[in-house]
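To start, the structure under review is shown below, and the notes come after it.
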Amino acid sequence: MALTVSAVVLFGILAVVLLRGRHVSLGTASVLFLFGFFVAGTGAYKPIYNLCQAIAKALTHLAT
């Protein structure tokens, strides 16, 4: 059985866990959110997306 989880959902859950556990402050989380938001609007989006796809594909092949 395959389970597909969006990266947005995964990182959203991770951010909530880190905030609730007080491992990061609200200010730090806001800065990281804004960094991700602005990176998505630049030319750096495509290489970062391709890297994430390659890592996900490699992890998939390791599990099978």
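Please treat every number below as a calculation from the coordinates, not as lab data. Just so it is clear, the structure is predicted and the values come from calculations on it, not from any experiment. All Cβ positions, glycine included, derive from the backbone under ideal geometry; neighbour counts span all protein chains shown.
Residue by residue, what Karplus-based ³J(HN,Hα) values in Hz, rounded to whole numbers, does the range 47-63 have, using 6.51, -1.76 and 1.60 with θ = phi - 60° and x for Gly and Pro?
x, 5, 4, 5, 5, 4, 5, 5, 5, 4, 5, 5, 5, 5, 5, 5, 6
Rounded to whole Hz and in sequence order, give me ³J(HN,Hα) for the range 30-36 from the Karplus expression 6.51 cos²θ - 1.76 cosθ + 1.60, θ = phi - 60°, writing x for Gly and Pro.
5, 4, 5, 4, 5, 4, x
How about the chain: which trypsin sites (Lys or Arg not before Pro) there lie in a loop by DSSP and see at most 11 other Cβ atoms within 10 Å?
R22
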